[in-house]
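The values are calculated or read from the model by the stated rules, or taken from the named source; none is laboratory data. The structure displayed is predicted, hence computed values, not measured ones. Counting neighbours? That spans all protein chains shown, and the Cβs are built from the backbone with ideal geometry, glycine included.
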Amino acid sequence: MDFNFNDKTLGYISRLNEFMAEYVYPNESTYYAQIDAQEDRWNIPPIIEALKEKAREEGLWNLFLPESSSGAGLSNLEYAPLAEIMGHCWYAPEIFNCSAPDTGNMEVLERYGTEAHKKLWLEPLLDGKIRSAFLMTEPDVASSDATNIQCEIIRDGDEYVINGRKWWNGGATDIRTKIFILMGKTDPNNENIHKQQSMILVPRDTRGITVNNLPLFGYDYAPHGHGEVVLKDVRVPVSNMLLGEGRGFEIAQGRLGPGRIHHCMRTIGAAERALELMCQRLSTRVTFGKPIISQGSWMDRIADARISIETSRLLTLKTAFMMDTVGNKEAKAEISMIKVVAPTMALKIIDEAIQAHGAHGVNGNEFLARIWTWIRILRIADGPDEVHRRTLAKLELKRQGIHL
């Protein structure tokens, strides 16, 4: 494996770093100030749209779609350092139209949507004119096992009727969100439990939909947010079904692999920034007559943080390489590994950085406090640690010829 980035990737890295330094980092305080100054916190802060337009002009747009004519034509390995750079700032991925859940939803539409689906929903998503949400998790069942999903999708003539309740749907409360991709059951009695589920497109303004915001550790995360979506006798055309009935798990596996690695790439970037902030704080603050960095075990903590970041990055790059060369299915173990390793690593480093900042580190308007809450949920989102560890254990036992 050769992890030396090619000239194309190095060019994007240089341009993206320059853009972040010139436009993104200096406007972090502006972003939060504009949200807080608005009468309605769910309106989009003007700085976001201004920076999105600037990024589009600079050719830093839709960088994520692997080997697709709709994106920059980058592989997972080529995209990895770019996602890491974006992870240095909470709102940066949106500026480049590379934020979740839109990236995963665009990949679904690119791979599994009809030409009509692409025209109606993919094109405006690629253009950054609308946003989307992915409706999978449910409050009444343990959704870490997706076979538990109970949302009903029942055919009635030329329509499907949907009834169910979803929650923790990123972006469902965003006023720009116009389309949901929903996973539910079309054939609950199928003996093959992985053929019971289907995915279907549900326009946000369809009659019978109610959306409520769910705070995350007390943050509303406006203007994007996380929603609880209640669907009562919601009707959509049969043509909104993706790929066909019973193909939901197939689509989910195609979607979640790239989504998980993108999260891990950004998480490494967040850990890098937390370490930078920690080192700056420790070297400039003085207690008991000398810099904090020269006291206690801070040197050991800094060293451990660097080791952890480099270890996580190498495993993530290996995973990206495998996804590009042998496919997501063959990289299943590596995807599960990084999904466990990266958030756990970043949370520890962010926690150390908060400790180094003292009271300043727990201020709700600071990067560290906000990013800690976001990454903490990644130990649950897209499969909790326990499920990924179970997957890894089963694969390891199978490799050793042990069958449970």
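Are any residues in the range 67-89 assigned to a loop (DSSP other than H, G, I, E, B) and buried (at least 19 other Cβ atoms within 10 Å of the Cβ), and if so, which ones?
Taking the range 67-89 first, the residues assigned to a loop (DSSP other than H, G, I, E, B) are 67-75, 87-89.
The answer is 71, 72, 74, 87, 88, 89.
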### Message
Among the residues of the range 1-32, what is the count of those that are loosely packed, with under 14 Cβ neighbours inside 10 Å, of a type in the set (A, V, I, L, M, F, W, C) and assigned to a helix (DSSP H, G or I)?
### Response
2
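Take the conditions among the charged types (D, E, K, R) and under 15 Å from the mean Cα position of the chain (by Cα) and apply them to residue 255. Does it pass? Break it down into steps so the answer makes sense when it comes.
On the way: among the charged types (D, E, K, R): yes; under 15 Å from the mean Cα position of the chain (by Cα): yes.
So residue 255 passes the test.
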### Criterion (surrounded by fewer than 17 Cβ atoms within 10 Å (Cβ to Cβ), within 25 Å of residue 62 (Cα to Cα) and modelled with pLDDT of 95 or more) met by exactly one of 188, 203
203
### Message
residue 344 - would you say it is modelled with pLDDT of 95 or more and within 16 Å of residue 80 (Cβ to Cβ)?
### Response
no
### Task
Considering each of 320, 356, 342, 274 in turn, give the residue that is touching a Ser or Thr at 6+ places or on another chain (Cβ under 6 Å) and crowded, with 20+ Cβ neighbours inside 10 Å.
342
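When you scan the range 163-189, how many residues do you find that are assigned to a strand (DSSP E or B) and among the charged types (D, E, K, R)?
Step one: filter the range 163-189 for residues assigned to a strand (DSSP E or B), giving 163-170, 177-185.
If we keep only those that are among the charged types (D, E, K, R) too, we end up with 165-166, 178, 185.
Summing the residues that are assigned to a strand (DSSP E or B) and among the charged types (D, E, K, R) in the range 163-189 gives 4.
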### Query
Quick check: anything in the range 365-386 over 29 Å from residue 4 (Cβ atoms), without any contact (Cβ under 8 Å) to a residue 24 or more places away in the chain and polar (S, T, N, Q)?
no
### Task
Hey, could you check the range 90-112 for residues that are over 14 Å from the mean Cα position of the chain (by Cα) and surrounded by fewer than 22 Cβ atoms within 10 Å (Cβ to Cβ) and say which is modelled with the highest pLDDT?
112
### Message
Condition first: part of a loop (DSSP other than H, G, I, E, B) and touching a Pro at 6+ places or on another chain (Cβ under 9 Å). Now tell me which residues in the range 41-64 satisfy that.
### Response
41, 42, 43, 44, 45, 64
### Message
Report every pair of residues separated by at least 6 positions or lying on different chains whose Cβ atoms are under 8 Å apart, first residue within the range 31-53 and free of Cβ contacts under 8 Å to residues at least 40 places away in the same chain, second among the polar types (S, T, N, Q).
### Response
46/34; 47/27; 47/30; 47/34
### Query
Does residue 281 count as assigned by TED's automatic domain parsing to the domain that holds residue 362, out of contact with any Ser or Thr (no Cβ under 9 Å at 6 or more places or on another chain) and closer than 30 Å to residue 205 by Cα?
no
#### Entry: So residue 149, is it surrounded by fewer than 20 Cβ atoms within 10 Å (Cβ to Cβ) and hydrophobic (A, V, I, L, M, F, W, C)
no
